[in-house]
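I have placed the structure first, in the form of structure tokens, so that the comments after it can refer back to it.
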Amino acid sequence: MGTVLIGVQWGDEGKGKMTDFLADQVDVVVRYQGGANAGHTVVIDGHEYRLNLLPSGILTGKLSIIGNGVVLDPEVLLEELRGLADQGHDPTRLRVSDGAHLIMPQHKILDAAEEEFRGENRLGTTGRGIGPAYRDKVARAGIRVADMMNPRSFARKVRDGVERANILLQRVYGREPLDPDETIDTYSHYAEELLPYVCNGPAMINDLLDDGQRVLFEGAQGTMLDVDHGSYPFVTSSNPISGGACVGAGVAPSRINRVIGVAKAYMTRVGDGPFPTELTGELGGDLRVRGNEYGTATGRPRRCGWLDAVILRHSARLNGLSGMCLTKLDVLSGLDQIKIAVAYRYGNRRLENFPRDSTVMDEVDVEYTSVSGWSEDISEIRSLNELPDAVGQYVQAVVDLTGVPVHYLSLGPSREQTIQCDFAPG
Ligand code: GDP
Ligand code: IMO
Ligand code: MG
């Protein structure tokens, strides 16, 4: 049984929390794309864990696999593993696919140099080397985990990579060159430490599925950050959408039985790029404070805005959502009216679909519908019938505007603050 759990907005929807909530229904958790640009927060027994690279299942002792589609920064991975071991978690439940590409020091330096070069047109990347690492992968110049297993050819590949990057760093960006020997030395040590975790990802994951194990594919980022289907060029360099799980884990589409979309009850975005429903005034600031909207990976303030049904419909279609989880509903308490975008207007055209052109996206006016808010604190409510009617009406409005059922409501960061439900399109 394969379940994909993905973000349907611009990331930070609460995927880490929901992966943890679903722990009882799952035997294995797989990350299939992205890298240490992700920041997944899980709160267990009042303790907050922030994971950049490890699948969230590692916290509940589930077998956790980093798939071939991930770009892996060994320094971050080993540090996260040490941190968890110090807190009594079992790091031996991790496996790393030998097809995953490595983030090298030059990728991080190039990420920063390229952002600086873009100036006002910067993308607002996390600076974790993601774009340059995926670029090397597609250019067939990347280095994979499998390459670490052969020390001599590995050293040559590392040297080639550093020397090639040095040309760019020096001649284009006027930066200091990197020392290839130092990188070979550092990465050779990483190779020794990573060795016990390395596996053949697709073989292992498919065998687990054949054995009847329940596998959760934990997406990072979100649909609007997808390099093919998001708000290009203000996107990440991988495919977070549900189909990305097939490529990034090595499983066939027929292995996916369920796709859960995680949607925040409002929208946030960290990094640059268009955001039609953004609230730039006091209300946006209030949502940021109440929702503690600061990036997990970088600490940057997240931009906040109203929920956008144009984007949710786009996500529903691309991901084939079986159902959604609506998170952070508690943050909306105290608002008189809550707005939801239903369509965009561009000149005299009404757009019900998300436009490809980011300059159009930047300039659209938004058509909203409005529903009544609620004043009560709902974060301690544990059953559906105790929730104020207005909460149910808001959820039903989201379901009707998107055509996607909502199966979980999240009212706070911890696992207990979750209500299972069955809101179906009316
Ligand atoms: P992810 O990247 O999708 O895993 O999301 P992040 O962890 O980056 O951001 C979500 C933040 O909201 C984290 O700090 C979570 O602890 C928190 N969170 C998740 N669900 C809820 C919720 O329902 N209510 C509140 N108040 N916080 C939540
Ligand atoms: P999780 O998994 C929110 C954003 C960056 C930037 C763009 C490109 O926690 O939801 P990159 O470093 O990937 O090249 O940056 O993507 N971004 C995220 N935004 N949540 C994330 O991950 C993100 N990962 C990348 O802010 O706009
Ligand atoms: Mg996050």
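Data overview
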| read-out | value |
| --- | --- |
| With eigenvalues of the C-alpha gyration tensor scaled by 5 and rooted, the chain, Å | 36, 26, 19 |
| Region 263-423 - share of DSSP beta bridges that are antiparallel (%, nearest 5) | 75 |
| GNM flexibility winner over the chain from ILE241, ILE66, ILE184 (Cα, springs under 10 Å) | ILE184 |
| Sorted by Cβ neighbour density within 10 Å, fewest at the top, the residues LEU81, LEU195, LEU51 | LEU195, LEU81, LEU51 |
| Part-to-part distance (alpha-carbon centres) for region 62-130 and region 267-335, which is given in Å | 24 |
| Counted charge near ASN121, where neighbours are those whose Cβ lies closer than 10 Å (Asp, Glu -1; Lys, Arg +1) | -1 |
| Structure-based [θ]222 nm, the chain - -39500 (n - 2.57) summed over DSSP H runs of at least 4, per residue, nearest 500 | -9500 deg cm²/dmol |
| Under 5 Å, built H, 5+ apart or other chain: amide partners of ARG302 | TYR294, GLY295 |
| Max mean-square fluctuation residue, GNM over the chain, Cα-Cα springs under 10 Å, options ARG290, ARG140, ARG93 | ARG140 |
| Region 1-68: equivalent-ellipsoid semi-axes (sqrt of 5 x gyration tensor eigenvalues, Cα, Å) | 16, 15, 12 |
| Spatially proximal lysines relative to LYS108 (Cα-Cα < 17 Å; intrachain offsets below 8 disregarded) | LYS137 |
| Burial ordering of TRP10, TRP374, fewest other beta-carbon atoms within 10 Å first | TRP374, TRP10 |
| Label-point gap, in nm, between MET149 and SER383 - each point 7 angstrom along Cα→Cβ | 5.4 |
| Cα gyration tensor, region 145-259 - rounded (a/c under 1.5), prolate or oblate | oblate |
| Beta bridges by DSSP in region 1-76, antiparallel share as percent, to the nearest 5 | 50 |
| Top of GLY174, GLY14, GLY67 by mean-square fluctuation, Gaussian network on the chain, Cα under 10 Å | GLY174 |
| Values of log10 I(q)/I(0), in the order q = 0.15, 0.17, 0.20 Å⁻¹, for region 263-423 under a Debye, Cα-only, solvent-free model | -0.84, -1.08, -1.45 |
| Ranked packing of 217-224, 378-385, most packed first, by mean Cβ within 10 Å | 217-224, 378-385 |
| Ranked TYR134, TYR197, TYR294, TYR190, criterion: other C-beta atoms within 10 Å, fewest first | TYR294, TYR190, TYR197, TYR134 |
| Rg/Rh (Cα only; Kirkwood hydrodynamic radius) as it applies to region 101-194 | 0.98 |
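Since every read-out is calculated from the coordinates, none of them should be taken as a lab result. Small disclaimer: the values here were computed from a predicted structure and weren't measured. Backbone-built Cβ (ideal geometry, glycine too); neighbour counts: all protein chains shown.
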